[in-house]
Amino acid sequence: MILIVIILLILFFFINKKENYTSNYLHFDDKMKLNVIIPIRNREKDLYNITNVLEKIFEKQDIDARYIIIEQEKGKKFNKGKISNAAFLISRKDNFSDNYLFNDVDLWPNKASVINYRKKTSNSFIHPYGHKHCLGGFFMTDKSCFEKINGYSNNYWGWGGEDVDLQNRANAHRVFIDRKNFMDRGHKDIRDDISSQTINSNKNLSNQIYKKNKLELYKKNPSSVHSDGLSTCKYNIVSQQNYKNNPKMKRILISI
């Protein structure tokens, strides 16, 4: 009898050790609500995959998520910051939740135990993956925090720059960036299509100059972020439909 008890205890310990992370997030007294903002341009396969993966993870972590998949009309350079601002403003009208996940379309965990999406923020950003010099990749925050820094700048056209600017805004307003469990780009636990990214040296140089000038401006006058961002984001909704016939996944095309 004693031997059987010992064997059962060993099995119990082994199972819990194997699923030590996931088991912490499977049973909750309340279901967390989460807004998920995914900016997209020409990444249909990634969009299909990330929504599949996140839905499975959120089910395991007992999260009720609503998605805004936001894209802009063709004809202008991609402006991730501005369309993300637009998505935030659209989501705010529903008053579904104060919790937000901003996620690039081509990045997601390889398994449910990698990221705890239930962590709630208070005047902070949780940045689990990306580069430490910017708030890119994906991050979580809350409504009041994103409003405090007036969201993204609307003035970064083309790829890059807006994520560095977002971090500069956070630093200028002394908003804490939580990287306690941070993973650098390329980490094995995150699916990341790094090879698809190209860098134009001339554009990168101009972005660096612009970043430096804006950072000095924010340091001297933190309130200057309010001249460019959520408060000045203008857009028009061109079309809206349910993605995958799911009413919780809104795919919205805007003109900016």
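Coordinate-derived values only; no laboratory data. Just so we're clear, the structure is a prediction, and the values are computed from it rather than from any experiment. FYI the Cβ positions are ideal-geometry reconstructions off the backbone, even for glycines, and counts take in every protein chain you see.
Where Rh is the Kirkwood radius over the Cα pairs of segment 24-162, the temperature 25 °C and the viscosity 0.890 mPa s, what D in µm²/s does Stokes-Einstein return? Roughly 158 µm²/s, to the nearest whole number. Were the residues from residue 223 through residue 248 laid out at 0.36 nm apart, the gain over their Cα-Cα distance would be 5.5 nm. The label-point distance for residue 52 and residue 179, in a model that sets each label 7 Å from Cα toward Cβ, rounds to 3.3 nm. Can you bin segment 32-255 into rounded, prolate or oblate? Criterion: square roots of the alpha carbon gyration tensor eigenvalues sorted a ≥ b ≥ c, rounded for a/c under 1.5, prolate for a/b above b/c, oblate for the rest. Rounded, because the longest to shortest axis ratio a/c is under 1.5. Under the simplified labelling scheme, the residue 120-residue 236 pair shows an inter-label distance of 4.0 nm, with each label point 7 Å from Cα along Cα→Cβ.
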